[in-house]
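Below is one structure, written out as structure tokens; the observations come after it.
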Amino acid sequence: MKTLYLLRHAKSDWNGDKKLDDAQRPLSKRGKRDCQLIANELEQQKRRFNKVYCSSAIRARETLARFQAESSVFDDADINIQDELYTFDASALLNTLKELPQEQDNAVVIGHNPAMAELAEQLCDGSIGHVGTATFIELHANVEYWDQLRGDCAKLVEILRPKYFR
């Protein structure tokens, strides 16, 4: 079994510098607060993660940084920033996940919609619903190797949405 944790980046600032490329948009004030809410909940659950794969977009990297500042959940993690995770396509995201080291049993992926939501829906056969910003999803995939990920192979274990903690 593989455990996949999907963390959609927190809300970004659309009102800042209009000349910024999409990948350069920072987090908004609400996004920063939402990171704190989810990071605190994971901290209270005494969660610790050892492998984190993060999109290279500024808003995804700032989400990671806020989690690191607000909690110890990533303190012992091997963190990988990957351009391939800056995608909005579920198939591309799935292909990237299939390349994870096979001996690794779990991974946190910090990325973007619609790729994250569509992938979660595909893996769980449509049982996820809306994946808003800063939503954290835990999936248990009934596969031995990452390259075996496919539709309807996973079970939704937990979903944490910032609105649950506001």
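Structure values in brief
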read-out	value
Pick from segment 98-117, criterion touching a Ser or Thr at 6+ places or on another chain (Cβ under 9 Å) and more than 19 Å from N80 (Cβ to Cβ), ranking: surrounded by the most Cβ atoms within 10 Å (Cβ to Cβ)	A117
Residue that is over 16 Å from F136 (Cα atoms) and of a type outside the set (V, I, T), where the choices are A65, A90, A39	A90
Within segment 123-152, tally of residues that are crowded, with 16+ Cβ neighbours inside 10 Å, touching a helix residue (DSSP H, G or I) at 6+ places or on another chain (Cβ under 6 Å) and free of Cβ contacts under 8 Å to residues at least 40 places away in the same chain	1
Within segment 34-73, tally of residues that are open to solvent by 20 Å² or more (accessible area, probe 1.4 Å), assigned to a loop (DSSP other than H, G, I, E, B) and among the polar types (S, T, N, Q)	4
Some residue of segment 121-136 being of a type in the set (S, T, Y) and under 14 Å from L7 (Cβ atoms)	yes
Filtered residues of segment 14-33 (kept if among the polar types (S, T, N, Q) and surrounded by 14 or more Cβ atoms within 10 Å (Cβ to Cβ))	S28
Hits in segment 124-166 (condition: among the hydrophobic types (A, V, I, L, M, F, W, C), within 18 Å of N95 (Cα to Cα) and either modelled with pLDDT of 95 or more or touching a Gly at 6+ places or on another chain (Cβ under 7 Å) (or both))	L139, A141, V143, W146, L149, C153, A154
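The values are calculated or read from the model by the stated rules, or taken from the named source; none is laboratory data. This structure is a prediction, so every number in the text was calculated from the model and none was measured. Cβ atoms come from the backbone with ideal geometry, glycine included; neighbour counts cover every protein chain shown. Accessible surface is based on the protein model in full, side chains and every heavy atom, while ligands, DNA and RNA are left aside. Shrake-Rupley method; radii C 1.70, N 1.55, O 1.52, S 1.80 Å.
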